[in-house]
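The structure appears right after this line, and notes come after that.
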Amino acid sequence: MNKIQNQTRPVFPFTAIIGQEEMKLALILNVIDPKIGGVMIMGDRGTGKSTTIRAIADLLPEIEVVKDDLFNSHLKDYDLMSDSIKDKLEKGQILSTEWIKVPMIDLPLGATEDRLCGTIDIEKALSEGIKTFEPGLLAKANRGILYVDEVNLLDDHLVDILLDAAASGWNTVEREGISIRHPSRFVLVGSGNPEEGELRPQLLDRFGMHAEIRTVKDPSLRVQIVEQRSDFDKDPYACINKFAQKQDDLKTLISKAQNNLSSVVIDYSLRVKISEICSVLNVDGLRGDIVTNRAAKAFAAYQGKNEVDLQDVKKVIVLCLRHRLRKDPLDTIDSGNKVNQVVDEILPG
């Protein structure tokens with residue numbers, strides 16, 4: 001038993017996390033529909049940001065990948081396939097697959113561009129005519145989650161690369177006239193402490209959602225959180241077993257929502273209301289409209305519904321819009337009051 005247990009590092013169960021509902025909902029919606037565009041989580045130190053983010057990956061169903069492929073290529077989805085796999089399929093080669101856990105990749109704060117994007121061995125390319133690519137973290141994160149702690153302290157240039165890859169689903173590496181492109185579709189999750197500075201508004205706008213977390217003030221809840229953590233540290237496997245049923249139930253819910261997402265519809269009049277809210281709030285561009293529509297559909301699918309209603313929109317709209325109201329880098333992010341005020345005027349009831 002111990003031998004099996006020691007093979008994998010135990011992960012704190014997602015369903016055991018007390019409070020922080022806003023952050024948990026944002027993460028769940030992003031894994032249901034990665035096209036929402038990731039989530040930026042800002043909050044006080046020691047509020048369980050990293051624990052929660054690592055716990056969500058443990059809930060996801062395993063994915064089928066081409067064996068020995070550097071990019072976790074999907075065998076049937078052309079958009080999730082590397083060029084080398086496409087070539088092999090076109091030549092009629094039979095490829096074997098394996099099932100793996102969804103990749104959870106951490107981007108360290110001191111990472112270089114080469115570590116993030118990957119590198120091409122120029123010497124080998126010039127001398128032998130072979131394009132040898134050393135994959136970076138963007139390759140390893142394909143079809144998974146890429147987590148950047150203290151993203152507000154990361155170099156703006158690297159944040160730009162991250163956001164470009166997350167938006168396009170591809171990473172291109174060019175060195176000395178040699179170019180390699182590979183799929184890089186992942187859920188981008190950034191976290192940080194607002195005391196250490198905010199991201200520039202232009203970069204912040206490109207995160208699909210923005211969740212705020214605060215230190216729990218209720219003494220009895222704080223005691224409960226501390227006890228929960230102590231129990232896990234004392235005997236992680238007993239804690240995992242205790243929450244096994246809840247974990248399985250949530251896994252099933254997420255899996256069903258992922259499968260049903262494409263059948264969820266949102267009425268035209270509700271879409272107009274969403275755009276009206278964005279317009280009144282003076283949100284630049286159309287990202288706010290698009291993300292709110294996507295998030296509302298994901299939330300409806302999560303609840304097993306086929307149509308988005310008013311309450312679904314109200315549940316997600318603050319997460320999707322609050323960080324898009326900040327025009328001046330010196331402004332603070334709206335806690336949600338301004339968004340809620342306009343929502344209540346345009347979507348009463």
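Taken together, the values in this text are just the output of simple stated rules run on the coordinates, not laboratory data. Small disclaimer: the values here were computed from a predicted structure and weren't measured. Cβ: placed from backbone, ideal geometry, glycine included. Neighbour counts: every protein chain shown.
General remarks:
- R0 of 25 Å, Cβ-Cβ distance ASP249-GLN311: FRET efficiency to nearest 0.05: 0.70
- Along the chain, counting only GluC sites (Glu not before Pro) with a DSSP assignment other than H, G, I, E or B and at most 12 other Cβ atoms inside a 10 Å radius, the longest segment between sites is 177-349.
- Counting only DSSP beta bridges whose two residues both lie in the chain, roughly 40 percent are antiparallel.
- Put in order of Cβ neighbour count within 10 Å, fewest first, the listed residues CYS117, CYS239 become CYS239, CYS117.
- Separation of segment 179-206 and segment 30-104, taken as the distance between their Cα centroids, equals 18 angstrom.
- Residues ASP44 and GLU345, FRET efficiency given R0 of 25 Å [Cβ-Cβ distance, rounded to 0.05]: 0.20
- Once the chain from ASP121 to GLU196 is taken as fully extended at 0.36 nm per residue, the excess over their C-alpha distance is 23.2 nm.
- Degrees separating the helix 287-302 axis from the principal Cα axis of the chain, which is the longest one: 80
- Estimated vicinal HN-Hα couplings, Hz - segment 186-196 in sequence order (Karplus 6.51, -1.76, 1.60; Gly, Pro = x): 8, 8, 8, 10, x, 9, x, 10, x, 5, 8
- Normalised by the number of residues in segment 261-346, the mean separation of alpha-carbon contacts (under 8 Å, six or more apart) gives a relative contact order of 33 percent.
- Averaging the sequence gap over all C-alpha pairs within less than 8 Å and six or more residues apart, then dividing by the number of residues, gives the chain a relative contact order of 22 percent.
- Length gained on full extension, GLU113 to THR215, computed as 0.36 nm times the residue gap minus the Cα-Cα distance: 33.3 nm.
- With q set to 0.12, 0.21 Å⁻¹, the log10 of I(q)/I(0) for segment 51-158, from the Debye formula over equal scatterers at the Cα positions, is -0.53, -1.18.
- Projecting the alpha carbon convex hull of the chain along each direction and taking the average yields 21.0 nm².
- Label-point separation, THR51 to GLN303 (7 Å along Cα→Cβ), nm: 2.9
- Sequence-distant lysines (8 or more away, or on other chains) whose Cα lies within less than 28 Å of LYS314: LYS24, LYS35, LYS49, LYS217, LYS246, LYS251, LYS256, LYS273, LYS297, LYS305, LYS327, LYS338
- R0 of 22 Å, Cβ-Cβ distance SER179-GLU64: FRET efficiency to nearest 0.05: 0.15
- Simple label model, 7 Å out from Cα along Cβ direction - ALA167 to LEU286, nm: 1.4
- Under the Karplus curve 6.51 cos²θ - 1.76 cosθ + 1.60, θ = phi - 60°, whole-Hz ³J(HN,Hα) for segment 52-57, x wherever Gly or Pro sits: 5, 5, 5, 6, 5, 5
- Taking label points 7 Å from Cα along the Cα-to-Cβ direction, VAL272 and ILE94 give a separation of 5.8 nm.
- Across the alpha-carbon atoms of segment 261-346, the computed radius of gyration and Dmax are 12.9, 42 angstrom.
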